[in-house]
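What follows is one structure encoded as structure tokens, with my remarks underneath.
Read the figures in this text as sums done on the coordinates, not as results from a lab. Every value quoted in this text rests on a predicted model; they were computed, and no experiment measured them. Glycine gets a Cβ as well: all are built from the backbone with ideal geometry, and neighbour counts include every protein chain shown.
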Amino acid sequence: MKNNLIAIVNIRIFDGTGAPVLNNGVVLVENGVIKDVGSSGSVSVPDSAEVIDAKGKMLLPGLIDAHLHLQGFRSGDFVKEPLLTPFGVFVARAARDAESLLNSGFTTVVDAGGLVALHLKYAVNEGTVAGSRIVAAGPALSQTFGHGDEHYFPVEWVDYRTTRKFTPFVSLICDGEDECRKAARYALREGADFIKIMSTGGVLSEKDRPEYLQFTIKEIRAIVEEASHAMRIVHSHAQGAKGIKNAIEAGVKVIAHAIYMDEEGFEMAKEKDVVIVPTLAIVEKILEVGKEVGVPEWGLKKSEEVHKVHIETIRKAFKAGVKIAAGTDYIGGWLPQGENAVELKIYVEKVGMSPRDALITATKNAAQAADLADKTGTIEKGKLADLIIVDGNPLENIDILLDKENILLVMRDGKIFKNKLE
Ligand SMILES: [Zn+2]
């Protein structure tokens with residue numbers, strides 16, 4: 001079989017482990033896995049290997065967006081668009097978006113709730129769609145009157161088990177420990193790679209607010225237990241301080257948004273090795289273009305309310321040493337899949353991270369949020385060969401990652417999907 005042994009030579013390696021950049025490095029890839037990595041003298045390259053000369057460019061771990069939704073949305077009108085657009089159209093658009101993500105250097109994405117990704121991941125895995133690896137939650141678990149219970153629709157349209165229309169945003173509505181257990185089992189049955197829950201209200205839900213508490217600790221515990229039986233973790237959408245702490249106390253491993261997280265929450269997160277995924281990019285974008293793309297008035301209003309405090313919280317969390325993973329909450333269209341590195345730019349410009357710290361959020365830390373820390377996120381022996389080569393040095397200027405043209409080579413699972421080195 002040709003192509004199962006590839007050596008990338010003449011590269012500068014940022015491996016994502018915290019080690020300094022290695023000049024004149026070599027990476028040897030065999031059957032989709034990193035077989036060896038090191039300086040040019042220390043790695044022996046067999047004659048049978050296909051050799052790629054990277055011409056001194058920089059090699060990074062493939063980027064990971066730890067929170068997005070491959071929904072194939074094109075407008076900001078969350079009420080009308082799902083009603084008027086056939087499901088197949090959403091899937092076709094999301095396939096295009098998954099390709100765009102891969103071409104932008106994102107070798108893995110975490111889909112934090114929705115049906116499209118749940119189906120699309122099969123098409124990516126079988127090679128039909130040349131997209132990022134998808135880690136999908138499938139339908140999120142929400143209480144009645146929760147963030148995932150789209151309040152503007154009749155409830156039977158919202159619940160995955162009763163709706164008669166296949167649509168991107170559907171949830172599993174569950175109340176009480178037994179229903180929560182059953183809903184978690186149902187999500188697993190449908191192919192969820194992790195369980196997504198909503199433990200507070202939100203910005204883009206009509207009748208609640210970020211501070212509202214959703215699910216009891218007991219309900220969350222029941223879900224976490226069911227997930228753990230299937231060796232999976234739980235992510236929670238959590239914005240208010242108390243709902244964040246409830247989730248962490250009950251065993252949730254990833255907190256999305258974290259808008260009003262407090263000092264006590266930071267300490268709990270550190271103690272339990274919980275990762276937070278800020279998703280600052282979506283709020284910025286709503287403020288920028290939300291009105292013209294049709295985001296409902298209540299969504300615009302709440303976005304304005306949370307914008308400043310959200311950034312301030314993430315700044316404090318970073319200072320306090322809480323682990324942060326990059327995630328955009330992008331859904332397609334005006335929240336364009338492929339421009340997700342903008343989250344890193346915000347971390348550097350507004351949160352106070354160095355470009356190196358920002359890169360770690362989209363590689364090593366994001367791999368932890370994806371529950372793939374042993375498989376990807378760093379360039380180390382034995383990990384999947386998810387690698388990108390970039391033009392320029394993102395450690396000096398993170399902005400270079402925002403331009404697709406600077407992503408010269410993309411390899412996922414040892415397979416080259418893009419190569420502009422020649
Ligand atoms: Zn989200």
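One way to sum up the overall shape of region 310-421 is the equivalent ellipsoid from its Cα gyration tensor, whose semi-axes run 23, 18, 14 Å, largest first. Packing-based ranking of 164-170, 227-233, 327-333 yields 327-333, 164-170, 227-233, ordered from highest to lowest mean Cβ neighbour count within 10 Å.
Antiparallel beta bridges, as assigned by DSSP with both residues in the chain, represent about 45 percent of the total such bridges.
Taken about its Cα centre, the chain carries a charge dipole of roughly 400 debye when the Cβ of each Lys and Arg holds +1 and the Cβ of each Asp and Glu holds -1.
Other residues within the sphere of radius under 15 Å centred on the Cβ of L22, judged by their own Cβ, net out at +1 (K and R +1, D and E -1).
Derived from the Cα gyration tensor, the three semi-axes of the equivalent ellipsoid of the chain are 35, 22, 20 Å, largest first.
Where q = 0.27 Å⁻¹, what log10 of I(q)/I(0) comes from the Debye formula for region 296-363, counting one point per Cα? The calculated log intensity ratios at q = 0.27 Å⁻¹ are -1.23.
I need the fraction of alpha carbon pairs in region 1-153 separated by more than 18 Å, rounded to a whole percent. Everything past 18 Å amounts to 67 percent. Here region 331-384 is treated with +1 on each Lys and Arg Cβ and -1 on each Asp and Glu Cβ, and its dipole about the Cα centre works out to around 160 debye. Simple spin-label estimate for D273 and N125 gives 2.6 nm between the two label positions (7 Å along the Cα-to-Cβ direction from each Cα). In whole angstrom, region 64-146 maps to an equivalent ellipsoid with semi-axes of 21, 15, 12, each derived as √(5λ) from the alpha carbon gyration tensor and ordered largest first. Normalised radius of gyration (Cα atoms, divided by 2.2 N^0.38 Å) for region 74-209: 1.05. The alpha carbons of region 94-134 stretch over 23, 20, 14 Å along the principal axes, in descending order. Only beta bridges with both residues in region 26-111 are counted; by DSSP, about 55 percent of them are antiparallel.
GNM remark for the chain: springs join alpha carbons under 10 Å apart, and the peak mean-square fluctuation among K253, K55, K383 falls on K55. Across region 246-370, the volume of the C-alpha convex hull divided among the residues equals 106 Å³ per residue. Considering only Cα atoms, the convex hull volume of region 188-234 works out to 89 Å³ per residue.
GNM on the chain, alpha-carbon springs under 10 angstrom: the most fluctuating residue among I398, I197, I276 is I398. Among V289, V224, V158, the largest mean-square fluctuation in a Gaussian network model of the chain, built with springs joining Cα atoms closer than 10 Å, belongs to V289.
Each principal axis of the Cα atoms in region 19-67 has its own extent, and those three values, largest first, are 41, 26, 19 angstrom.
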